[in-house]
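Participant: This is the structure I have questions about; it appears just below.
The values are calculated or read from the model by the stated rules, or taken from the named source; none is laboratory data. Since the structure is predicted, the reported quantities are computational estimates derived from the model, not experimental observations. Ideal geometry is used to build each Cβ from the backbone, glycine not excepted, and the neighbour counts take in all protein chains shown. Each accessible area value is taken on the protein alone, full model and side chains, heavy atoms only, with ligands, DNA and RNA left out. Shrake-Rupley method; radii C 1.70, N 1.55, O 1.52, S 1.80 Å.
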Amino acid sequence: MDYSHLAGLLFPDVTATPEQIEAKYPARQLPEGAKVTRFAPSPTGFVHLGGVYQTMVGERLAHQSGGVFYLRIEDTDSKREIPGAAENLINTLSRYGIKFDEGATVGEDGQVTDNGIYGPYKQSLRGDIYHVYAKKLVAEGKAYPCFTTDEELKALEAIDKKAEVKSREWTENTEAEQKTAMRRLREFTMEDVERNIAAGNKFVLRILADGDPEKKTPFNDLIKGKLEIPENDEDFVLLKSDGIPTYHFAHAIDDHLMHTTHVIRGEEWLPSVAKHIMLFRYLGFKLPKYLHTAQIMQLDENGNKKKLSKRDLGANMNDYTRIGYAPECVSEYLLTILNSNFEEWRMQNPDKHWSDFKFGINKMSASGCLFDHTKLNDVSKNVVSKMTAEQVFDQLTEWADEYDKDFSALLRRDPDYAKAILSIGRGGKKPRKDFAVWSEVKDFIGFFYDELFTVTDTIPDSFERDDIKKALALFADTLDMSDANAWFERIKVIADDLGFASDMKQYKADPAAFKGSVADISMFIRVAVTGKMNSPDLFTVISIIGRERTLDRVRKFSESL
Ligand code: GLU
């Protein structure tokens, strides 16, 4: 059979040669050992935590080795594409400090454009390139057309949407019969093709598989380890009937031309590796190295592992923005689940930026990692506790501008006041670890603002209302704000005056001898001034709130008793 005649029939408009294309994608000039990695998402809506997790791997490996990290938009499935998804993706990832050196990028007009010479970086713009290689494969007898009508395709889709080798000949379901059907698929005459082309019939392009599934190919996945993969014998589709490539075909061509050295992708692609090995071989391309990342799992109510799926809280990156996680907290958390030695490094290097950590593929878990909300919040509290009040103010107000405008107005009304509040417990050796997310800050600090102040906690009934009133009156009369010691000495005097122990040791030795202790007197004041039983250091709080407002709150609270 004259294959180049067939190739010409199928691709009459393709005039370029693979050599001409290759010339436009010269080898990258990079230092020895530099890795070229990419993130290649399909723009189907929201960004999943797993996507950020994967990009971190790619970003770290490329940038730690002096390589290149680029973004390719895999938009070949227009049915699944959501307008604006690519822009959203780029913007979301940049929040997490994930910067692409090259690839699809958001231009000044907010639209996706290209940055780099290995583009276009949007697969929908690469149609001509795929067709050049498709023509070459046909000419070499490695791919062949398969004509089916739309109706037949629909009927086949109804049988199984995922199967890529379904054909009209597939009427029976046993494996042996399917194989025979594949053989028959390959048996066409030139006249068949000519007739179909003349009639304007559409075709899908299939690979002519030469693999024997009884034989195994050794395959080394850098995360999963050494595997044995049965050879591919499936005539899978390279081009769909609209001429658009399948993932497999586009993957081989793009990663080859863009000189990707390491393909980092979800483990759902592992079963397709045999196809890719075949395709790279047919095309004469060097196989890149692969890292198949495991799914992020979580524990369900019964303690069983399950996939962190689309609808779960924590899967969609928009949730993190809305709830108000500082991006660096999420990055830091992801590193704890990505590399088993990260936490140890963090303990030894409490003040370094996470990007100073030497990320290693060998420290990644092959079986996957567990998403743990509590852990995320702990990591987050730790990261936020190390921020300056200024940094907290900036991030908090930026979040509030979007999600709590009233609160943002309060914070911005007097930034110095807000920063004084946010400075409490910050900066020392053991900073306070109270905020994990911005959306909980209002609950913690709302009482500093009269607009938000309400008394939510009540003083236990075991204390005489009269004693509370007396304590508050004495407090108001003798308030000394000159320094923390003087202030506390006054409180102790109040305690003694009212039959409460001013000395905690004495109190603990014989609690029955007292109405309570100095801690209870402080608690009365705390509830009156902050509305809560728990607050940061009371003297600091009162110093920020100021004398007048403190006294005003104490008076009102006393009246309410
Ligand atoms: N578009 C594919 C996906 O989103 C990319 C897989 C890959 O990175 O090669 O799953």
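Participant: Gly58: net charge of surrounding residues, Cβ under 9 Å, Lys/Arg +1, Asp/Glu -1, itself excluded? Don't skip to the end; give the middle numbers.
Facilitator: Working: positive: Lys35, Arg38, Arg60; negative: Glu59.
Taking every Cβ under 9 Å from that of Gly58, the sum is +2.
Participant: Right, here's the next one. Determine the relative contact order of segment 176-328: mean sequence separation of Cα pairs under 8 Å and six or more apart, normalised by residue count, in whole percent.
Facilitator: Once normalised by length, the contact order is 17 percent.
Participant: Using the Kirkwood radius built from alpha carbon pairs, what does the Stokes-Einstein equation give as D for segment 441-499 at 10 °C and 1.306 mPa s, in µm² per second?
Facilitator: D, rounded to a whole number, is 117 µm²/s.
Participant: While we're on this one: How large is the translational diffusion coefficient of segment 288-330 in µm² per second when you combine the Kirkwood radius over alpha carbon pairs with Stokes-Einstein at 4 °C and 1.567 mPa s?
Facilitator: 104 µm²/s
Participant: Now a separate question. Around Gln295, which amide H atoms from residues at least 5 apart in sequence, or from another chain, sit under 5 Å from its own amide H, with H modelled in the peptide plane?
Facilitator: When sequence neighbours closer than 5 places are left aside, the close amide H contacts are Glu267.
Participant: Oh, and also: Keeping every protein chain present and rolling a 1.4 Å probe, give me the accessible area per residue for segment 319-408 in Å².
Facilitator: Working: 4210 Å² over 90 residues.
It amounts to 47 Å² per residue over segment 319-408.
Participant: Then there's this: Taking every Cα atom in the chain, find the radius of gyration and the maximum pairwise distance Dmax, and write them in Å.
Facilitator: Every Cα atom of the chain included, Rg and Dmax give 33.1, 111 Å.
Participant: Share of antiparallel DSSP beta bridges in the chain, in percent to the nearest 5?
Facilitator: 55 percent
Participant: What list of ³J(HN,Hα) values in whole Hz, one per residue of segment 219-225 in order, does the Karplus curve 6.51 cos²θ - 1.76 cosθ + 1.60 (θ = phi - 60°) give from phi, with Gly and Pro shown as x?
Facilitator: Calculated HN-Hα couplings, in order: 9, 10, 8, 5, 9, 7, x Hz.
Participant: Quick check for you: with a 1.4 Å probe and neighbouring chains kept, what is the accessible area per residue of segment 1-147, in Å²?
Facilitator: Per residue, segment 1-147 has an accessible area of 43 Å².
Participant: Report ³J(HN,Hα) in whole Hz for each residue of segment 543-560, in order, from the Karplus equation J = 6.51 cos²θ - 1.76 cosθ + 1.60 where θ = phi - 60°; Gly and Pro get x.
Facilitator: So the Karplus estimates, Gly and Pro as x, are 4, 6, 5, x, 4, 4, 5, 4, 5, 4, 5, 4, 5, 4, 5, 4, 5, 6 Hz.
Participant: Quick one: compute the contact order of the chain, relative version, from alpha carbon pairs under 8 angstrom and 6+ residues apart, as a percent. If you can, show how the numbers build up before the last one.
Facilitator: Details: 780 pairs, mean separation 60.3, N = 561.
Averaging sequence separation for qualifying contacts and normalising by length gives 11 percent for the chain.
Participant: Bin all alpha-carbon pair distances of segment 358-451 at 5 Å intervals from 0 and give each bin's fraction as a whole percent.
Facilitator: 2, 12, 21, 20, 15, 9, 7, 6, 4, 2, 1
Participant: What net charge is computed for the residues neighbouring Asn339, neighbours being all others with C-beta under 11 Å from the C-beta of Asn339, Lys and Arg scored +1, Asp and Glu -1? Walk me through the numbers before you get to the answer.
Facilitator: Numbers: positive: Arg60, Arg346, Lys358, Lys363; negative: Glu343, Glu344.
With Lys, Arg at +1 and Asp, Glu at -1, the neighbours total +2.
Participant: On to the next question. Which percent of the accessible area of the chain is formed by carbon and sulfur heavy atoms (probe 1.4 angstrom)?
Facilitator: That share works out to 50 percent.
Participant: Related question: Ranked from the most accessible area to the least, with a 1.4 Å probe and all protein chains present, what is the order of Lys429, Lys442, Lys135, Lys310?
Facilitator: Lys429, Lys310, Lys442, Lys135
Participant: Looking at segment 452-508, how many pairs of lysines come closer than 22 Å at the Cα, when each pair is eight or more places apart or spans two chains?
Facilitator: 4
Participant: Next question, about the same structure. Quick one: pull the percentage of alpha-carbon pairs in segment 54-120 with a separation above 13 Å. Working shown, then result.
Facilitator: Values: 1456 of 2211 pairs.
Roughly 66 percent, once rounded to a whole number.
Participant: Looking at segment 468-561, what % of the alpha carbon pairs are farther apart than 24 Å?
Facilitator: Distances greater than 24 Å cover 15 percent of the Cα pairs.
Participant: Cα centroids of segment 435-451 and segment 230-304: how far apart, whole angstrom?
Facilitator: Comparing the Cα centres of segment 435-451 and segment 230-304, I get a distance of 48 Å.
Participant: Each residue of segment 390-395 in order: what ³J(HN,Hα) in whole Hz does its phi give by Karplus 6.51 cos²θ - 1.76 cosθ + 1.60, θ = phi - 60°, with x for Gly and Pro?
Facilitator: 4, 5, 5, 4, 4, 6
Participant: Write down the Kirkwood hydrodynamic radius of segment 406-537, to one decimal in angstroms, obtained as one divided by the mean of 1/r over all alpha carbon pairs.
Facilitator: Hydrodynamic radius (Kirkwood, Cα only) of segment 406-537 equals 16.6 Å.
Participant: When only alpha-carbon atoms count, how far does segment 294-446 stretch along each of its three principal axes, as whole angstroms with the largest first?
Facilitator: 51, 36, 24
Participant: Tally Lys and Arg at +1 and Asp and Glu at -1 over the other residues with C-beta under 9 Å from the C-beta of Lys289: what net charge comes out?
Facilitator: Local net charge: 0.
Participant: How many times 2.2 N^0.38 Å is the alpha carbon radius of gyration of segment 7-57?
Facilitator: Scaled against compact globular proteins, the figure is 1.85.
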